[in-house]
Structure formats: structure tokens, C-alpha cells
Amino acid sequence: GIFTALLVLTGATVGVAYVDLGPWNTLVALAIAVLKASLVVLYFMHVRWASRTTRLFVFAAAFFLLILLVLTLGDYDTR
């Protein structure tokens, strides 16, 4: 099921690349990428069945990645 979901999301990524959404292209592509990455982390890296400590570290890493992306996109938008 997860493999099928990843294939569908990959198809959605390709489909969105052909649609002109204006400034929303980047956000839609990032949203699909985050969804695919979360499926890979949860199921293929077995975080879904891991201990609370492992989940905490994965959440902390995702949080700091989000901060990095927001600051980078904010810098990009102001130039």
C-alpha cells in the first residue's frame, strides 16, 4: 500500500510540474515531497513502531528542517 501511495504521489509531482500554478508551484511541490518523505520515514525507517525517544528525535529533526526551509524561503522572497 505504501509503495502504491508513493507511486501515486510521484505521479502527482509530475502532473503538478506540467500545471502552471504561479507562485504556488513551489509550495505544492514541497507539500507532496513532505508527504512522501513522511511515508518513507514512518514505514521504511520503522519510526511508526519505534520508541518515544526515537519519535522525539525525528520530530526535532523535522522541526529544525522546517525552520531552515522557512528562513531560506523568506530570504529568497525578499531578494
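Readers should treat all values here as calculations from the given coordinates under stated rules, not as data from a laboratory. Because the structure is predicted, anything quoted here is derived from the model rather than measured. Here Cβ is always computed from backbone atoms with ideal geometry, including for glycine, and neighbour counts include all displayed protein chains.
Every pair of different Cα atoms in segment 8-48 enters the Kirkwood calculation, which places the hydrodynamic radius at 10.9 Å. Shape class for segment 34-79, computed from the alpha carbon gyration tensor (a ≥ b ≥ c): oblate, with a/c not under 1.5 and a/b at or below b/c. Dipole orientation for the chain: of the candidates L30, L73, Y43, Y43 has the Cα lying most toward the positive pole (charges on Cβ; Lys, Arg +1; Asp, Glu -1). When the P(r) is computed for the chain, the part past 16 Å accounts for 61% of the Cα-Cα pairs. Restricting the trypsin sites (Lys or Arg not before Pro) of segment 15-67 to loop positions (DSSP other than H, G, I, E, B) with no more than 13 neighbouring Cβ atoms within 10 Å leaves R48. All other residues whose Cβ lies under 15 angstrom from that of L71 are scored, Lys and Arg at +1 and Asp and Glu at -1, for a net of -1.
Can you tell me the FRET efficiency between R48 and V19 if r is taken as the Cβ-Cβ distance and R0 is 30 Å, rounded to the nearest 0.05? Step by step, r from the Cβ atoms, then E = 0.40.
Please list, by residue number, everything in segment 6-34 whose backbone N is under 15 Å from a paramagnetic label point 7 Å out along Cα→Cβ of L68. Counting backbone N atoms under 15 Å from the label point, the list is 34.
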